[in-house]
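Report on the structure given below.
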Amino acid sequence: MTTPRIPLVDPATAQGRTRELLSAVEKKLGRVPNITRALAQSPAALDGYLQWSAALSTASLPPRVREQIALTVGEANGCDYCLSAHSQIGASQGLSPQQIVAARHASADDARTKAILTLARELVVRRGELRDADLRAARAAGVGDGEIVEVIALTALNIFTNYFNHVANPPIDFPVVRAGDAT
């Protein structure tokens, strides 16, 4: 078991806004994952994360594709916590084990999803400095401008959680998946 570098907030003893936010997480998910318990050290950060996640849950990109983006970004950033969480969530969205592994490598069964995942990976690798060719390739695969904006937003959200987990080091409370172990 890893030792968190930012202590986890116990939902049972949390107070005020922190308690409200953690209760909302538990109501929605049926539990309070360790990432949210660590984020709860700052109610403002936790609230911002939850609002950003909620806003993007209404994106035009389907939930499966959003999970595939999370897996691509998590692998690119080497975030074991996010890979573990999104492998389980992706499976609950109907992704097969093979599709989960493929997403970690920015690959997918269809050209359009593959273009979306490639765009997400390029955003990470190029630190947001996409080439014109990257955008042309996405558009040629049928990715619209609104979807490109959503890929950027989803990638940024996942970079936030990847970086947060690198710093906070919350214990992984999902079936463990390690970056680099994808075959």
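What is the angle, in °, between the Cα long axis of helix 63-77 and the longest principal axis of the Cα atoms in the chain? Nearest 10 is fine, range 0 to 90.
With both axes taken from Cα atoms, the answer is about 80 degrees.
So what is the accessible area of the chain per residue, in Å², with the probe set to 1.4 Å?
Averaged over the residues of the chain, the accessible area is 50 Å².
Taking the alpha-carbon centroid of each part, what is the distance from the stretch 26-54 to the stretch 133-166 in angstrom?
That distance is 22 Å.
Considering the convex hull of the alpha carbon atoms of the stretch 7-70, report its projected area averaged over all viewing directions, in nm², one decimal.
Reported value for the Cα convex hull: 4.6 nm².
Subtracting the Cα-Cα distance from 0.36 nm times the residue separation, let me have the gained length for Arg31 to Ser53 in nm, one decimal.
Full extension of this stretch gives 6.2 nm more.
Given a 1.4 angstrom probe, I'd like the percentage of the accessible area of the chain that is carbon and sulfur, rounded to a whole number.
So the carbon and sulfur contribution to the accessible surface is 55 percent.
Over 22 Å, how big is the tail of the calculated P(r) for the chain, in percent of all Cα pairs?
Across the chain, Cα pairs with separations above 22 Å total 45 percent.
In Å, what Kirkwood hydrodynamic radius results for the stretch 90-183 from the alpha-carbon pair distances?
So the Kirkwood estimate lands at 14.5 Å.
Considering the options Ala179, Ser60, Ala45, tell which one lies farthest towards the positive end of the dipole of the chain, charges being +1 on Lys and Arg and -1 on Asp and Glu at the Cβ, about the Cα centre.
Ala45
Within the stretch 111-127, which residues have the backbone N less than 14 Å from the label spot 7 Å out from Ala141 along Cα→beta-carbon, could you tell me?
Counting backbone N atoms under 14 Å from the label point, the list is 111-124.
Where does helix 43-56 land angle-wise versus the long Cα axis of the chain, in degrees 0 to 90, nearest 10?
30 degrees
Evaluate the relative contact order of the chain (contact order divided by residue number), counting alpha-carbon pairs under 8 angstrom at least 6 apart; express in whole percent.
Taking the mean separation of contacting Cα pairs over the length of the chain, I get 33 percent.
So how exposed is Lys114, as accessible area in Å² (1.4 Å probe, rounded to 10)?
We get 90 Å² for Lys114.
At 0.36 nm per residue, minus the direct Cα-Cα distance, what do Thr2 and Phe160 gain on full extension? Give it in nm, one decimal, please.
Extending this stretch completely gives an extra 54.8 nm.
Would you please put 172-180, 125-133, 12-20, 38-46 in order of how densely packed they are, using the mean number of other Cβ atoms within 10 angstrom per residue and starting with the highest?
38-46, 172-180, 12-20, 125-133
The values are calculated or read from the model by the stated rules, or taken from the named source; none is laboratory data. Everything quoted here is computed from the prediction, not taken from an experiment. Glycine also receives a Cβ, built like all others from the backbone with ideal geometry; neighbour counts cover every protein chain displayed. In case anyone asks, the SASA skips ligands and DNA or RNA and just uses the protein heavy atoms, side chains included. Shrake-Rupley method; radii C 1.70, N 1.55, O 1.52, S 1.80 Å.
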